[in-house]
1. Could you tell me whether segment A:249-270 includes any residue that is assigned to a helix (DSSP H, G or I), more than 13 Å from B:A255 (Cβ to Cβ) and within 11 Å of ligand 1 (Cβ to nearest atom)?
2. So A:P200 passes all but one of these: (1) of a type outside the set (D, E); (2) modelled with pLDDT of 95 or more; (3) on the phi > 0 side of the Ramachandran plot. Which condition number does it fail?
3. Can you confirm whether B:M200 is more than 30 Å from A:T111 (Cβ to Cβ) and aliphatic (A, V, I, L, M)?
4. Report yes if A:V60 is touching a Gly at 6+ places or on another chain (Cβ under 7 Å), part of a strand (DSSP E or B) and at pLDDT 95 or above, otherwise no.
5. Considering only segment A:275-288, I want to know if a residue exists there that is within 12 Å of ligand 1 (Cβ to nearest atom), farther than 15 Å from A:V203 by Cβ and more than 9 Å from chain B (Cβ to nearest Cβ).
6. Quick one: is B:Y235 among the aromatic types (F, W, Y) and over 30 Å from A:G102 (Cβ atoms)?
7. Which of (1) over 23 Å from B:P37 (Cα atoms); (2) in contact with a Cys (Cβ under 7 Å, 6 or more places away or on another chain) is the odd one out, the single condition B:A148 does not satisfy?
8. Name, by its number, the condition in (1) more than 10 Å from chain A (Cβ to nearest Cβ); (2) crowded, with 24+ Cβ neighbours inside 10 Å; (3) away from ligand 1 (no atom under 16 Å from the Cβ) that does not hold for B:Y102.
Amino acid sequence: MAQNILVIGELDDGAASTTTLELLAGASSLSDGGSVGVTLLGAGASSAATSCVGATVAYVNDDSEYDSFRGDQWLNAIAGAVESSSPDVVLIAQSIVGREIGPRLSHRLGTAVAMDCVSISNDGGATKATRPCFGGNAMATYGFETSPAIATVRAKSFEILESGSGPATTEELPGAGESRTAIIATEEATSEGLQIQDAPVVVCGGRGLGEAEAFSQIEEIAAAIGADKAAVGASRAAVDLGWYPPSQQVGLTGKVVTPDLYLAVAVSGASQHMAGCSGSKTIVGINRDEEANIWSFSRYGIIGDYKQIVPALIEELKKAAGN
Amino acid sequence: MHLVVCAKQIPDPDTPPSAFKIDEATNSVVPAPGISPILSQFDGIAAEAALRIKESQGDDSKVTVISMGADSARAAIKQVLAMGADEGVLLNDDAFEGGDSYTTAKVLAAAINHLGDVDAVFCGRQAADWDMGQVGLLLSEELNWASAIIAKGVEYGDGNISVQRVLTDGFETVSTQLPAVVTVSNEFGEPRYPKLPQIMAAAKKTVTQFGASDLGLDPSDVGASGSRLKVERLYIPETDSNVEFMEGDTPQEQAAALVQKLQADKLI
Ligand SMILES: Cc1cc2nc3c(=O)[nH]c(=O)nc-3n(C[C@H](O)[C@H](O)[C@H](O)COP(=O)(O)OP(=O)(O)OC[C@H]3O[C@@H](n4cnc5c(N)ncnc54)[C@H](O)[C@@H]3O)c2cc1C
Ligand SMILES: Nc1ncnc2c1ncn2[C@@H]1O[C@H](COP(=O)(O)O)[C@@H](O)[C@H]1O
């Protein structure tokens, strides 16, 4: 059955973010001939809208006030798009924006949101949303008693459409009004070069490293694989100990990565950690515990003390690169 | 100042996956034998945030901890009382059972309105059972209060609350008027660990219990009957474990074997 879908888009450096394009791909298959709307707010929104493959209509405002996200301003604008598109389903990324907009929009529309979903289906017009819960130990499928069905969606849950057309029509949303919150300061994390979400290889260090200094060895593994290919991540236990910055945390409350190769060094593989990396093509563990949970997800493994394995691995990787 | 901490009791998320079981007939988690339920970790951190503000404000400030749940949730309340909260509220009623995030927020909001003089509410960023992360925001909508989520630091001054928030790639400090709801993340730091005398003192603090009628709630608006989101299926996902361990007499041989595999699979 045809459904109207509204995607709450986000801009990344003036272009539609990767997750926005993923959501549009998901929306076009869900819509079954219904409309697919996308909202974009902030400088460059109208021009970014043209690249929104899968959308039939774009709702935009270029007001640069929207560049820093404030929930109340965004909600007012989105209310306009909801009114004109009368969606059956609203999809939002599980991002800083989605974590706030999802619940608040659901309340304002008298409906409900399922957070951090990994798949959404159109079951003869009834929306079903499936999401991991209990730290990834379980999956739950939800149905909605109210409409629209709102879901925030985990990154990489849909594949971007390679070809297709952008929105045929564009409607203007109102500019940003007042906000109850004032942003006093922002501080960018210094993560230069390759981002862990984009890297084809992620090398991740855990609490089993025993000390902050050992992360330099994890960085060496990444460097030996190639600075243009490999990025370094960390488990929450390592981040909480202050060994590595929060921007590099992989997992349920960190980032979701789906590289071709995920190398987990001295990481136990707790379900909440795996929530952020279980979509990787190949997972490899280095762990001294034969019973570690990481093995349930791994393709290859080395059982042993990382202090011995890692220097040998760095050497072998360098040799391999030299060939 | 009157600060409220919303605290939920949950199955211990550190339960090993092998002991984690589901009853598919009732879509619920079977309590793991020998593993006690705990105070959701982020709620302990939220309590820490509230207590630090109370301490900075002096004697006329108080912290009330509220939990909606079964009678066993008193243990979670007692834990926050032992940390230094002044009073506890247990929201326990058959009518509250089987609810979703929306009905949970509705009941908590009714309790906060019942208390009457609350300046700020502290929640965890998400309850570490269902991992939803929305009750704090729904509460702010229910109450029509401001909100700031995923806090790493919280400070109070001049009727405003300033919250340092964790973003995807960095941090942001926002200032928001009171009353407000703040949700707190693990980046805030560890909660204090109560000592024996504090645990003993907590046993003497009052825990008031409210049900639907005390809060003026219609039982059909809350719990399962008021829910908008229904769990239709709860299951344990399959993981394909076909791990191949690298053989070798020395770390060097094992590492070489791994590099060969990765090269053959064109991963490096
Ligand atoms: C709601 C919630 C959200 C969470 N979100 C996240 C998240 O986003 N990301 C995340 O990572 N975690 C998250 N966690 C925490 C998670 O449950 C685990 O506690 C955490 O992932 C453990 O990190 P770790 O594997 O580095 O440490 P540990 O569990 O301590 O594991 C260390 C591992 O290192 C191995 N080891 C020790 N020494 C050596 C050595 N010399 N050589 C080789 N191996 C060694 C050990 O065998 C062990 O397997 C969350 C928890 C909750 C409750
Ligand atoms: N039953 C409950 N009782 C008290 N507080 C709760 C309850 N459920 C959720 N909360 C609060 O809301 C936060 C987010 O919960 P959730 O949206 O379920 O992930 C929790 O960290 C608690 O602070």
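The values are calculated or read from the model by the stated rules, or taken from the named source; none is laboratory data. What you are looking at is a predicted structure, and each value in this text was computed from that prediction instead of being measured. Note that each Cβ is placed from the backbone with ideal geometry, even for glycine, and that neighbours are counted across all protein chains shown.
1. Taking segment A:249-270 as the starting set, the residues that turn out to be assigned to a helix (DSSP H, G or I) are none.
No; the residues of segment A:249-270 include none that is assigned to a helix (DSSP H, G or I), more than 13 Å from B:A255 (Cβ to Cβ) and within 11 Å of ligand 1 (Cβ to nearest atom).
2. In the conditions (1) of a type outside the set (D, E); (2) modelled with pLDDT of 95 or more; (3) on the phi > 0 side of the Ramachandran plot, A:P200 misses (3) alone.
3. yes
4. For A:V60, the condition - touching a Gly at 6+ places or on another chain (Cβ under 7 Å), part of a strand (DSSP E or B) and at pLDDT 95 or above - is not met.
5. Yes, because at least one residue in segment A:275-288 is within 12 Å of ligand 1 (Cβ to nearest atom), farther than 15 Å from A:V203 by Cβ and more than 9 Å from chain B (Cβ to nearest Cβ).
6. On the way: among the aromatic types (F, W, Y): yes; over 30 Å from A:G102 (Cβ atoms): no.
Criteria not met by B:Y235.
7. (2)
8. Of (1) more than 10 Å from chain A (Cβ to nearest Cβ); (2) crowded, with 24+ Cβ neighbours inside 10 Å; (3) away from ligand 1 (no atom under 16 Å from the Cβ), only one is false for B:Y102: (1).
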